[in-house]
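Here's the structure, in structure tokens; my notes come after.
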Amino acid sequence: MLTDLDHIRLTDRPLIVCDVDDVVLQFAAPFESFLQTRGHRLLPRSFKLTGNIVSGADESVIEALAVKALIDDFFVEQERWQTPFADAVDTIHALGQDADLVFLTAMPPRHAEVRRRLLDQLTLTFPMIATEEAKGPMVAALLGNRPLPVAFVDDMVHNLHSVGQHVPDCLLIYLPPPLEIFRFAPEPPETVRRVGTWAEASELIRSHFAG
């Protein structure tokens with residue numbers, strides 16, 4: 001199981017834990033395209049999917065269970081839809097030369113094999129954990145008692161908050177994609193560093209590790 005931490009082999013280098021959807025791989029934009037193939041549209045009226053996905057025919061709101069099924073279908077077909085953000089692959093490889101890197105992707109573990117295959121196709125062969133559990137305890141478990149610096153990159157404020165609670169010394173980086181729906185996202189706390197590109201994230205991470 002990819003949710004089992006036993007397959008993660010860390011060294012005596014700093015640790016980077018990184019989200020995948022809308023951080024490494026585009027999610028919201030291709031999901032909108034996917035919805036169109038199903039006759040639906042995404043109306044960014046708030047920072048959520050449920051309630052904002054509507055029928056293309058009459059704009060009636062798609063119910064929560066149907067939204068969940070659509071997301072599930074998208075993850076089944078993710079190899080067809082999802083591509084990496086510009087500079088993500090090269091920057092992650094460069095960071096991985098000096099640090100251990102683990103992908104912590106928030107998705108049902110049943111889709112982990114497809115996600116693993118897609119990342120491998122992109123040469124992103126770093127270890128991966130697929131889980132719907134809170135990310136703070138997961139990052140804390142990964143770090144363990146290792147007295148080494150750690151950085152966490154995500155596009156969801158609640159995940160950054162969770163990691164900050166469980167790993168107080170962690171560098172928390174908020175990397176939201178340039179999408180309209182993220183205008184409605186909550187503001188991160190002052191302990192979180194907000195960036196707009198992977199180049200900015202890399203600079204912060206390297207500075208944190210050097211310090």
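The values are calculated or read from the model by the stated rules, or taken from the named source; none is laboratory data. Only a predicted model underlies this, so the values are computations on that prediction, with no experimental measurement involved. So basically every Cβ, Gly included, is an ideal-geometry build from the backbone, and we count neighbours across all protein chains shown. The protein model used for the area step is the full one, side chains on, heavy atoms only, and it has no ligands, DNA or RNA in it. Shrake-Rupley method; radii C 1.70, N 1.55, O 1.52, S 1.80 Å.
Given +1 on the Cβ of Lys and Arg, -1 on the Cβ of Asp and Glu, and no further charges, what dipole in debye does the chain carry about its Cα centre, rounded to the nearest 20?
80
In nm, give the distance between the simple-model label positions of L122 and E63, each being 7 Å from the Cα along the Cα-to-Cβ direction.
3.5
What dipole magnitude, in Debye to the nearest 20, does region 28-80 give about its Cα centre under +1 on Lys/Arg Cβ and -1 on Asp/Glu Cβ?
With only Lys, Arg, Asp and Glu charged at Cβ, the dipole is about 160 debye.
About the Cα centre of region 31-116, what is the dipole size in debye to 20, counting +1 per Lys and Arg Cβ and -1 per Asp and Glu Cβ, all else neutral?
The dipole magnitude comes to about 300 debye.
Share of region 1-78's accessible area from carbon and sulfur, percent, 1.4 Å?
Looking at region 1-78 in its full context, I get 53 percent from C and S.
Taking the DSSP beta bridges in the chain as the whole, what percent of them are antiparallel, to the nearest 5? The partial results should precede the final answer.
Details: 5 of 25 bridges.
That works out to approximately 20 percent antiparallel.
How many angstrom separate the Cα center of region 21-87 from the Cα center of region 141-179?
26
Sorted by accessible area with a 1.4 angstrom probe, largest first, how do R183, R146, R45 fall? Intermediate values should be presented prior to the final figure.
Numbers: R183 155, R146 50, R45 120 Å².
From most exposed to least exposed: R183, R45, R146.
What angle do you read, to the nearest 10 degrees and between 0 and 90, between the alpha-carbon axis of helix 28-37 and the longest principal axis of the chain?
30
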